[in-house]
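Comments concern the structure below.
Please treat every number below as a calculation from the coordinates, not as lab data. Everything quoted here is computed from the prediction, not taken from an experiment. Using ideal geometry, Cβ is built from the backbone for each residue, glycine included, and neighbour counts are taken over all protein chains shown.
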Amino acid sequence: MLSAAWAELEADDDVRVTVNTGRGRAFQTGVDVREVSDAGGMGNRNGGGSKASGGMTARTNDVWKPVI
């Protein structure tokens, strides 16, 4: 799940910045649209969910490292 990946990136001191990219036939929208659908939608447009639920974004998962 995406929130687990954010937690792993934030906890790894060797990671200084995260770069989101697309691969294959898809393009990078910033979130996995299937995961958004399964979660019932984006929720808060500024954060993609609440901090209580983890949300979909670095911000809602308390990741303070730069994300490109």
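Structure above, values below:
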item	result
Förster radius 25 Å - calculated FRET efficiency between Asp62 and Val19 (Cβ-Cβ, nearest 0.05)	0.85
For Val67, residues with placed amide H under 5 Å, excluding near neighbours	Thr18
Neighbour-count order for Arg59, Arg16, fewest beta carbons within 10 angstrom listed first	Arg16, Arg59
